[in-house]
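For reference, the structure discussed in these notes is given below.
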Amino acid sequence: MAEDLHISVGTKEEQYQALLPQIRGLLEGEADLIANLANIAGALKEQFGWLWVGFYIVREEELVLGPFQGPVACTRIRYGKGVCGTSWKEAATLIVPDVEQFPGHIACSSLSKSEIVVPVIRDKIVKAVLDVDSTALNEFDAIDQRYLEAIIALISWP
Ligand code: SME
């Protein structure tokens, strides 16, 4: 059984530093991909309180909604569309300080103001993306990118 998440205080970097080993511990004890994606989404949402944290998984020509925490969301996103589909196409992390300034942004919730999307890349192929949305403008920066990429690196993709 998983222990309760220890919610930490401090700077954003300190919060990530406290969270990272806890996520590592959660993943070490479980081989099931969906269970692990679900716990990553839960841990990030609990720690940071963002609007939406979740995964879209590559299924043929589309991203399909996977485990997430937050309001109900669009279920399918095409290659190259929106922030998520663009992150998939470019195989790169995208930080969007103001979603209204991102051409083609897909608004699943009108409350979302800024966003970061981190691709899960294995054998040079994008398998999924982690999408995080905030109700605040300019929420995400290089610190989020570094730690979210580190968290994504912990996932063993079958
Ligand atoms: N805003 C995303 C769509 C997913 S939701 O935000 C959960 C995009 O433009 O790809």
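Every number in this text was worked out from the coordinates using simple rules, so none of it is lab data. All values derive from a computational prediction rather than experimental measurement. Here the Cβ positions follow ideal geometry from the backbone for every residue, glycine too, while neighbour counts run over all protein chains shown.
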Per-residue Cβ neighbour rank within 10 angstrom, fewest leading, Asp98, Asp32: Asp32, Asp98
If we count every other residue with Cβ under 13 angstrom of Ser8's Cβ, Lys/Arg +1 and Asp/Glu -1, where does the sum land? -3
Taking Rh as the Kirkwood radius computed over C-alpha pairs, what is the Stokes-Einstein D of the range 1-133 at 10 °C in a medium of viscosity 1.306 mPa s, expressed in µm² per second? 103 µm²/s
Contour minus Cα-Cα distance for Glu13 and Ile34 (0.36 nm per residue): 4.9 nm
Pick out, in residue order, every one of the GluC sites (Glu not before Pro) in the range 17-92 that is DSSP loop and has at most 15 other C-beta atoms within 10 Å; say none if there are none. Glu30, Glu60, Glu61
For a label point 7 Å from the Cα of Val64 along Cα→C-beta, name the residues of the range 77-95 whose backbone N is under 16 Å from it. 77-79
State the extension gain, in nm to one decimal, for the chain segment bounded by Leu111 and Arg146, taking 0.36 nm per residue of separation less the distance between their alpha-carbons. 10.1 nm
